[in-house]
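Quick notes on the structure that follows.
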Amino acid sequence: MIVFLPVLLSNGKQTSGTAALIGDVSWGCQGMYQEGKPTLLTLPLAVINASTLVSQDEVLAATAALQVQVHRDFAPAWQVDADLAVVVPGGPPPTGAWWIVIMDNSDLGAALGYHDLTSQGLPLGKVFVESSKKSGQAWTTLLSHEILEMLSDPFICLTALAPTAFGTYLYAYENCDACQSDQFGYLIGDQLVSDFCLPAWFDANRAGGAGPFDFKQHIKQPFALLPGGYAMCRNLSAGTGWTLVTAPGATLTYRDRPRVGSRRERRKIAYPNWLKSNVTVGSDFASAQLMRPRL
Ligand SMILES: [Zn+2]
(Lines give C-alpha, C1' and ligand atoms only; values in the text may rest on other atoms or scores of the structure.)
Protein backbone atom coordinates (compact mmCIF):
# COMPACT_ATOMS: atom_id res chain seq x y z
CA MET A 1 0.00 0.00 0.00
CA ILE A 2 1.29 3.37 -0.94
CA VAL A 3 2.27 5.50 2.02
CA PHE A 4 3.34 8.91 0.82
CA LEU A 5 0.04 10.45 -0.11
CA PRO A 6 -1.61 10.69 3.31
CA VAL A 7 1.61 12.09 4.76
CA LEU A 8 2.19 14.62 2.01
CA LEU A 9 -1.38 15.66 1.66
CA SER A 10 -2.65 16.02 5.15
CA ASN A 11 -0.59 14.27 7.78
CA GLY A 12 -2.94 11.33 7.69
CA LYS A 13 -6.09 13.35 8.29
CA GLN A 14 -7.26 13.45 4.72
CA THR A 15 -11.01 13.55 4.20
CA SER A 16 -13.05 14.19 1.12
CA GLY A 17 -12.88 17.73 -0.17
CA THR A 18 -10.12 19.06 2.07
CA ALA A 19 -7.23 21.08 0.72
CA ALA A 20 -3.56 20.25 0.98
CA LEU A 21 -0.32 22.04 0.22
CA ILE A 22 2.11 20.49 -2.27
CA GLY A 23 4.84 22.67 -3.62
CA ASP A 24 3.41 26.17 -3.74
CA VAL A 25 -0.05 24.97 -4.60
CA SER A 26 -3.05 24.48 -2.38
CA TRP A 27 -4.91 21.53 -3.81
CA GLY A 28 -8.48 20.55 -3.32
CA CYS A 29 -8.55 16.80 -3.58
CA GLN A 30 -11.01 13.99 -3.62
CA GLY A 31 -9.51 12.44 -0.50
CA MET A 32 -7.58 9.28 0.18
CA TYR A 33 -10.16 8.16 2.72
CA GLN A 34 -13.88 8.45 2.55
CA GLU A 35 -15.84 6.97 5.41
CA GLY A 36 -12.69 5.20 6.52
CA LYS A 37 -12.09 3.49 3.17
CA PRO A 38 -9.23 4.39 0.85
CA THR A 39 -10.20 5.96 -2.45
CA LEU A 40 -8.19 6.53 -5.58
CA LEU A 41 -6.56 9.89 -6.06
CA THR A 42 -6.49 11.04 -9.70
CA LEU A 43 -3.49 13.24 -10.35
CA PRO A 44 -3.33 15.80 -13.18
CA LEU A 45 -0.33 14.91 -15.36
CA ALA A 46 0.67 17.06 -18.33
CA VAL A 47 2.80 15.39 -21.04
CA ILE A 48 5.14 17.86 -22.75
CA ASN A 49 6.92 17.00 -25.99
CA ALA A 50 10.16 19.00 -26.07
CA SER A 51 11.93 16.44 -28.26
CA THR A 52 12.93 16.65 -31.91
CA LEU A 53 13.07 12.86 -32.15
CA VAL A 54 9.42 11.97 -31.61
CA SER A 55 6.44 13.59 -33.30
CA GLN A 56 3.38 14.96 -31.56
CA ASP A 57 1.33 12.18 -33.17
CA GLU A 58 3.67 9.60 -31.63
CA VAL A 59 3.29 11.25 -28.23
CA LEU A 60 -0.49 11.27 -28.57
CA ALA A 61 -0.53 7.57 -29.50
CA ALA A 62 1.73 6.69 -26.57
CA THR A 63 -0.29 8.81 -24.14
CA ALA A 64 -3.55 7.10 -25.11
CA ALA A 65 -2.00 3.72 -24.29
CA LEU A 66 -0.40 4.98 -21.09
CA GLN A 67 -3.72 6.35 -19.86
CA VAL A 68 -5.06 2.80 -20.15
CA GLN A 69 -2.02 1.40 -18.35
CA VAL A 70 -2.24 3.84 -15.45
CA HIS A 71 -5.99 3.55 -14.96
CA ARG A 72 -6.54 -0.16 -15.72
CA ASP A 73 -3.30 -1.82 -14.57
CA PHE A 74 -1.39 0.47 -12.22
CA ALA A 75 -4.05 2.26 -10.17
CA PRO A 76 -5.68 -0.85 -8.65
CA ALA A 77 -2.27 -2.01 -7.39
CA TRP A 78 -0.82 1.31 -6.23
CA GLN A 79 -3.99 3.21 -5.32
CA VAL A 80 -3.12 6.24 -7.41
CA ASP A 81 -4.56 7.18 -10.79
CA ALA A 82 -3.80 9.99 -13.24
CA ASP A 83 -5.49 12.10 -15.88
CA LEU A 84 -2.98 12.31 -18.74
CA ALA A 85 -3.19 15.30 -21.09
CA VAL A 86 -0.73 16.38 -23.79
CA VAL A 87 0.32 20.02 -24.13
CA VAL A 88 -0.30 21.41 -27.64
CA PRO A 89 2.87 21.88 -29.75
CA GLY A 90 4.75 24.97 -28.64
CA GLY A 91 2.16 25.71 -25.99
CA PRO A 92 3.01 26.52 -22.37
CA PRO A 93 2.70 23.78 -19.76
CA PRO A 94 -0.29 24.21 -17.45
CA THR A 95 -0.26 25.19 -13.81
CA GLY A 96 -1.90 22.97 -11.21
CA ALA A 97 -0.41 19.84 -12.74
CA TRP A 98 2.53 17.51 -12.54
CA TRP A 99 4.67 17.50 -15.70
CA ILE A 100 6.45 14.79 -17.62
CA VAL A 101 8.80 16.26 -20.23
CA ILE A 102 10.05 14.30 -23.24
CA MET A 103 13.39 15.64 -24.45
CA ASP A 104 16.22 14.44 -26.65
CA ASN A 105 18.89 14.20 -23.96
CA SER A 106 19.71 15.26 -20.44
CA ASP A 107 21.89 18.19 -21.56
CA LEU A 108 18.77 20.00 -22.72
CA GLY A 109 17.01 19.97 -19.36
CA ALA A 110 18.57 23.14 -18.04
CA ALA A 111 18.64 24.86 -21.43
CA LEU A 112 14.91 24.41 -21.89
CA GLY A 113 14.17 25.61 -18.38
CA TYR A 114 12.92 22.31 -17.01
CA HIS A 115 14.76 21.68 -13.76
CA ASP A 116 13.78 19.39 -10.86
CA LEU A 117 10.27 20.63 -10.06
CA THR A 118 7.56 22.48 -11.96
CA SER A 119 7.42 26.26 -11.68
CA GLN A 120 5.02 25.75 -8.75
CA GLY A 121 7.18 23.18 -6.99
CA LEU A 122 5.16 20.17 -8.14
CA PRO A 123 6.68 16.87 -9.31
CA LEU A 124 8.38 16.86 -12.69
CA GLY A 125 9.61 13.81 -14.61
CA LYS A 126 11.94 13.65 -17.60
CA VAL A 127 12.41 11.16 -20.40
CA PHE A 128 15.50 11.22 -22.62
CA VAL A 129 14.67 9.76 -26.01
CA GLU A 130 18.10 9.88 -27.64
CA SER A 131 19.72 7.47 -25.22
CA SER A 132 16.80 5.05 -25.42
CA LYS A 133 16.93 5.06 -29.21
CA LYS A 134 20.69 4.54 -29.22
CA SER A 135 20.36 1.55 -26.92
CA GLY A 136 17.55 0.09 -28.99
CA GLN A 137 14.99 0.49 -26.23
CA ALA A 138 11.48 1.64 -27.10
CA TRP A 139 11.01 5.23 -25.93
CA THR A 140 7.41 4.38 -25.03
CA THR A 141 8.56 1.90 -22.36
CA LEU A 142 10.82 4.61 -20.99
CA LEU A 143 7.91 7.07 -20.83
CA SER A 144 5.79 4.41 -19.16
CA HIS A 145 8.65 3.69 -16.70
CA GLU A 146 9.01 7.33 -15.70
CA ILE A 147 5.29 8.00 -15.31
CA LEU A 148 4.68 4.95 -13.13
CA GLU A 149 7.66 5.71 -10.88
CA MET A 150 6.64 9.33 -10.62
CA LEU A 151 3.15 8.39 -9.48
CA SER A 152 4.39 6.12 -6.70
CA ASP A 153 7.31 8.24 -5.45
CA PRO A 154 7.00 11.77 -6.88
CA PHE A 155 9.61 13.36 -4.62
CA ILE A 156 12.10 10.48 -5.06
CA CYS A 157 12.53 9.91 -1.36
CA LEU A 158 10.81 6.63 -0.43
CA THR A 159 12.70 3.49 0.51
CA ALA A 160 11.98 -0.06 1.66
CA LEU A 161 13.99 -2.04 4.22
CA ALA A 162 15.56 -5.31 3.16
CA PRO A 163 17.41 -7.29 5.88
CA THR A 164 20.10 -9.53 4.36
CA ALA A 165 23.05 -11.63 5.52
CA PHE A 166 25.29 -8.70 4.53
CA GLY A 167 23.43 -6.08 6.53
CA THR A 168 20.26 -4.07 6.26
CA TYR A 169 19.65 -2.49 2.89
CA LEU A 170 17.45 0.40 1.90
CA TYR A 171 15.92 -0.10 -1.53
CA ALA A 172 14.69 2.91 -3.49
CA TYR A 173 11.01 2.88 -4.41
CA GLU A 174 11.58 2.71 -8.16
CA ASN A 175 8.95 0.33 -9.38
CA CYS A 176 10.11 -0.19 -12.97
CA ASP A 177 13.86 -0.64 -12.51
CA ALA A 178 13.87 -4.32 -11.59
CA CYS A 179 11.95 -5.23 -14.76
CA GLN A 180 12.90 -2.39 -17.06
CA SER A 181 14.00 -4.37 -20.12
CA ASP A 182 11.72 -4.14 -23.18
CA GLN A 183 11.47 -7.93 -23.29
CA PHE A 184 9.34 -7.85 -20.13
CA GLY A 185 7.10 -5.01 -21.33
CA TYR A 186 3.70 -5.55 -22.90
CA LEU A 187 1.53 -4.08 -25.63
CA ILE A 188 -1.48 -1.85 -25.15
CA GLY A 189 -2.84 -1.44 -28.66
CA ASP A 190 0.37 -1.13 -30.69
CA GLN A 191 2.33 0.67 -27.95
CA LEU A 192 4.93 -1.12 -25.85
CA VAL A 193 4.73 -0.21 -22.16
CA SER A 194 6.87 -1.20 -19.19
CA ASP A 195 6.19 -4.01 -16.76
CA PHE A 196 6.17 -2.68 -13.19
CA CYS A 197 6.74 -4.02 -9.70
CA LEU A 198 3.85 -4.34 -7.29
CA PRO A 199 4.02 -3.21 -3.64
CA ALA A 200 4.85 -6.82 -2.67
CA TRP A 201 8.24 -6.47 -4.42
CA PHE A 202 9.24 -3.95 -1.72
CA ASP A 203 8.02 -6.10 1.19
CA ALA A 204 10.73 -8.31 2.74
CA ASN A 205 8.06 -10.15 4.71
CA ARG A 206 6.78 -11.60 1.45
CA ALA A 207 10.02 -13.53 0.80
CA GLY A 208 9.15 -17.13 0.03
CA GLY A 209 5.59 -16.11 -0.69
CA ALA A 210 3.66 -16.72 -3.83
CA GLY A 211 3.57 -13.18 -5.17
CA PRO A 212 2.82 -11.73 -7.63
CA PHE A 213 5.68 -9.27 -7.32
CA ASP A 214 5.31 -7.55 -10.70
CA PHE A 215 2.36 -6.93 -12.97
CA LYS A 216 3.40 -9.45 -15.64
CA GLN A 217 4.40 -11.97 -12.96
CA HIS A 218 7.97 -12.57 -14.15
CA ILE A 219 9.57 -11.93 -10.72
CA LYS A 220 9.52 -14.62 -8.03
CA GLN A 221 10.83 -12.83 -4.91
CA PRO A 222 10.88 -9.40 -3.27
CA PHE A 223 13.89 -7.32 -4.41
CA ALA A 224 14.75 -9.81 -7.20
CA LEU A 225 15.97 -8.42 -10.54
CA LEU A 226 15.15 -9.64 -14.03
CA PRO A 227 17.85 -9.70 -16.75
CA GLY A 228 18.50 -6.10 -17.72
CA GLY A 229 17.00 -4.87 -14.47
CA TYR A 230 18.67 -2.92 -11.70
CA ALA A 231 18.00 -1.34 -8.30
CA MET A 232 19.31 1.54 -6.24
CA CYS A 233 20.14 0.54 -2.68
CA ARG A 234 22.20 1.51 0.36
CA ASN A 235 23.82 -0.87 2.81
CA LEU A 236 23.14 0.81 6.15
CA SER A 237 25.61 -1.45 7.95
CA ALA A 238 28.45 -0.55 5.59
CA GLY A 239 27.62 3.14 5.57
CA THR A 240 28.13 3.38 1.82
CA GLY A 241 26.10 5.69 -0.38
CA TRP A 242 23.58 4.84 -3.03
CA THR A 243 24.76 1.88 -5.07
CA LEU A 244 23.48 0.50 -8.34
CA VAL A 245 22.95 -3.26 -8.24
CA THR A 246 22.28 -5.16 -11.44
CA ALA A 247 21.04 -8.60 -12.34
CA PRO A 248 23.70 -11.38 -12.29
CA GLY A 249 25.87 -11.37 -15.38
CA ALA A 250 25.35 -7.69 -16.20
CA THR A 251 28.36 -5.44 -16.64
CA LEU A 252 28.34 -1.78 -15.77
CA THR A 253 29.22 0.69 -18.49
CA TYR A 254 29.81 4.42 -18.45
CA ARG A 255 26.40 4.82 -20.05
CA ASP A 256 24.86 3.47 -16.84
CA ARG A 257 25.91 6.57 -14.91
CA PRO A 258 22.84 8.56 -13.89
CA ARG A 259 21.98 11.41 -16.27
CA VAL A 260 21.48 14.86 -14.79
CA GLY A 261 17.77 15.23 -14.20
CA SER A 262 17.14 11.49 -14.04
CA ARG A 263 15.48 10.02 -10.98
CA ARG A 264 18.69 8.21 -10.00
CA GLU A 265 20.64 11.46 -10.12
CA ARG A 266 18.05 13.43 -8.18
CA ARG A 267 17.81 10.80 -5.45
CA LYS A 268 21.40 11.70 -4.57
CA ILE A 269 20.59 15.41 -4.26
CA ALA A 270 18.94 16.68 -1.10
CA TYR A 271 15.40 17.88 -1.83
CA PRO A 272 16.06 21.45 -0.54
CA ASN A 273 18.62 21.76 -3.34
CA TRP A 274 16.18 20.88 -6.08
CA LEU A 275 15.48 23.68 -8.54
CA LYS A 276 12.15 24.86 -9.85
CA SER A 277 11.60 25.23 -13.58
CA ASN A 278 11.64 28.69 -15.07
CA VAL A 279 9.54 28.05 -18.17
CA THR A 280 6.56 30.27 -18.91
CA VAL A 281 3.39 28.57 -17.77
CA GLY A 282 -0.16 28.78 -19.11
CA SER A 283 -3.62 28.22 -17.69
CA ASP A 284 -4.64 25.80 -14.99
CA PHE A 285 -4.78 22.11 -15.95
CA ALA A 286 -8.57 22.09 -15.65
CA SER A 287 -9.06 24.94 -18.13
CA ALA A 288 -5.95 24.85 -20.34
CA GLN A 289 -6.16 23.80 -23.98
CA LEU A 290 -4.77 20.27 -23.77
CA MET A 291 -5.12 17.12 -25.86
CA ARG A 292 -6.56 14.03 -24.19
CA PRO A 293 -6.06 11.10 -26.58
CA ARG A 294 -7.95 8.01 -25.46
CA LEU A 295 -8.15 4.47 -26.81
ZN1 LIG B 1 13.45 3.92 -12.84
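For this structure, a couple of remarks:
- When we screen Glu146, Glu130 for residues that are under 19 Å from Glu174 (Cβ atoms) and of a type in the set (D, E, K, R), the only hit is Glu146.
- Residue match in the stretch 178-186 (condition: at pLDDT below 95, hydroxyl-bearing (Ser, Thr, Tyr), within 15 Å of the ligand (Cβ to nearest atom) and over 24 Å from Thr42 (Cβ atoms)): yes
- You will find that of Asp81, Asp107, the residue that is charged (D, E, K, R), assigned by TED's automatic domain parsing to the domain that holds Val59 and touching a Ser or Thr at 6+ places or on another chain (Cβ under 9 Å) is Asp81 and no other.
- Selection over the stretch 43-66 of residues that are of a type in the set (S, T, N, Q) and in a helix (DSSP H, G or I) gives a count of 2.
- Checking each residue in the stretch 260-295 for being more than 21 Å from Pro93 (Cβ to Cβ) and modelled with pLDDT of 85 or more picks out Arg264, Glu265, Arg267, Lys268, Ile269, Tyr271, Pro272, Asn273, Leu295.
- Any hit, the stretch 74-85, residues being away from the ligand (no atom under 16 Å from the Cβ), under 18 Å from Gln191 (Cβ atoms), among the aliphatic types (A, V, I, L, M) and over 15 Å from the mean Cα position of the chain (by Cα): yes
- Sole exception among (1) buried (at least 23 other Cβ atoms within 10 Å of the Cβ); (2) away from the ligand (no atom under 14 Å from the Cβ) for Gln120, by number: (1)
- Hits in the stretch 135-152 (condition: on the phi < 0 side of the Ramachandran plot and at pLDDT below 95): Ser135, Gln137, Ser152
- Unique match (being over 26 Å from Val279 (Cβ atoms) and surrounded by 22 or more Cβ atoms within 10 Å (Cβ to Cβ)) among Tyr171, Tyr114, Tyr186: Tyr171
The values are calculated or read from the model by the stated rules, or taken from the named source; none is laboratory data. The structure presented is a predicted model; accordingly, all values stated were derived computationally and were not measured. Please note: Cβ atoms are built from the backbone with ideal geometry, for glycine as well, and neighbour counts cover all protein chains shown.
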